[in-house]
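The next block holds one structure in the form of structure tokens; read it before the comments.
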Amino acid sequence: MLGIIGGSGLYKLEGLKVIKEINIKTPFGEPSSPVVIGEVEGKKVAFLARHGKNHQYPPHLVPYRANLWALREVGVKRVLGISAVGGINKLLMPGDFVVIDDFLDFTKSRKSTFFEGIFSLNVDGEDKVAELLNKKKVVHIDVSSAYCPEMRSTLIQILEEKGFRFHRKGVYACTEGPRFETPSEIKVLEKLGADVVGMTGYPEVVLARELTMCYASLCVVANPAAGIAGYRLTSDEVINLMKQKEEEIKEILISFIKSLPDDRGCNCEKILEGAEV
Ligand code: HPA
């Protein structure tokens, strides 16, 4: 099943025929929202609001591990994260979509792995993830291709077909937040190769990958990053832009759910092979 994590401005999935809403408790705490299981065009989908139904969780306090574990519990094998971002690359305009292909991590206070060696929690399950956790293994996953190539190419194809303005790759820099960046921070991120900046893409991507899930992110440029716009950034600007893009995001998601092949044709499932010490 596909799992969709909605970011700022996306707290429910329009067009989803809701089957049930599940409150899940995980060994890693409670997720930020109930998981909504629904159906689009005969395909089952799980939806979770990253910041909570009422946007109660700031970026640095989102229960990322519980969110991914909750999706695992309902049978999710692929996750698509939707995120508002600031545009750093001068070619990016507000409203553009970006199918990111790499990340830079500048977060500070987040648990970014399930695998804590001797400190790992015991979990239920029979698969490789459960085995490595229960054996208290240290695990280093490869993130040379952090974002699933099959999900990315499906997104790119849909964006092309729809004729929406988009960019087929981009480097995402994740900052700690909750404040926006300074103009100098943005200049540094640009020099380091970042195209977009956000506060929630990490550790979501690596936690999904540790659970052997595929992960991709559809980023929406909500504003020019600090210092580029030449004006003060506000949450209002971000939320308003996301509202304007709601219909397009819905269209993309419906096509994406329809187009994604049922069986995975990538190697994401094998990420734990050879990863334990
Ligand atoms: N910076 C960080 N996160 C963001 C931004 C930004 O400019 N816009 C939307 N999310």
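A few remarks follow.
- Applying the criterion of being surrounded by 20 or more Cβ atoms within 10 Å (Cβ to Cβ) and not in a helix (DSSP H, G or I) to the residues of segment 140-165, the residue that is farthest from the ligand (Cβ to nearest atom) is Cys148.
- Among residues of segment 65-89, those that are open to solvent by 10 Å² or more (accessible area, probe 1.4 Å) and within 16 Å of the ligand (Cβ to nearest atom), counted: 2
- Search result, residues across segment 103-116 that are open to solvent by less than 70 Å² (accessible area, probe 1.4 Å) and touching a helix residue (DSSP H, G or I) at 6+ places or on another chain (Cβ under 8 Å): Phe103, Leu104, Asp105, Thr107, Arg110, Ser112, Thr113, Phe114, Phe115
- Residue that is most open to solvent (accessible area, probe 1.4 Å) [pool: residues in segment 212-234 that are small (Gly, Ala, Ser) and free of Cβ contacts under 8 Å to residues at least 24 places away in the same chain]: Gly230
- Here Pro34 clears all of (1) surrounded by fewer than 20 Cβ atoms within 10 Å (Cβ to Cβ); (2) closer than 15 Å to Met213 by Cβ except the condition numbered (2).
Every residue, every condition in (1) closer than 27 Å to Lys128 by Cα; (2) modelled with pLDDT of 95 or more, yes or no:
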| position | (1), (2) |
| --- | --- |
| Gly7 | no, no |
| Gly15 | no, no |
| Pro59 | no, yes |
| Tyr64 | yes, yes |
| Leu80 | yes, yes |
| Ile100 | no, yes |
| Lys108 | no, yes |
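- For segment 19-45, a residue qualifies if it is among the small types (Gly, Ala, Ser) and touching a helix residue (DSSP H, G or I) at 6+ places or on another chain (Cβ under 7 Å), and the qualifying residues are Gly29, Ser32.
- The lone criterion from (1) in contact with a strand residue (DSSP E or B) (Cβ under 7 Å, 6 or more places away or on another chain); (2) aromatic (Phe, Trp, Tyr); (3) open to solvent by 30 Å² or more (accessible area, probe 1.4 Å) left unmet by Phe119 is number (1).
- Subset of segment 233-256 [under 13 Å from Ala84 (Cα atoms) and among the charged types (D, E, K, R)]: Asp236, Glu237, Lys243, Lys245, Glu246
The values are calculated or read from the model by the stated rules, or taken from the named source; none is laboratory data. This is a predicted model, so every value here is computed, not measured. Positions of Cβ are generated from backbone atoms using ideal geometry, with glycine treated the same way; all protein chains shown enter the neighbour counts. Keep in mind that these areas ignore ligands, DNA and RNA; they rest on the heavy atoms of the full protein, side chains included. Shrake-Rupley method; radii C 1.70, N 1.55, O 1.52, S 1.80 Å.
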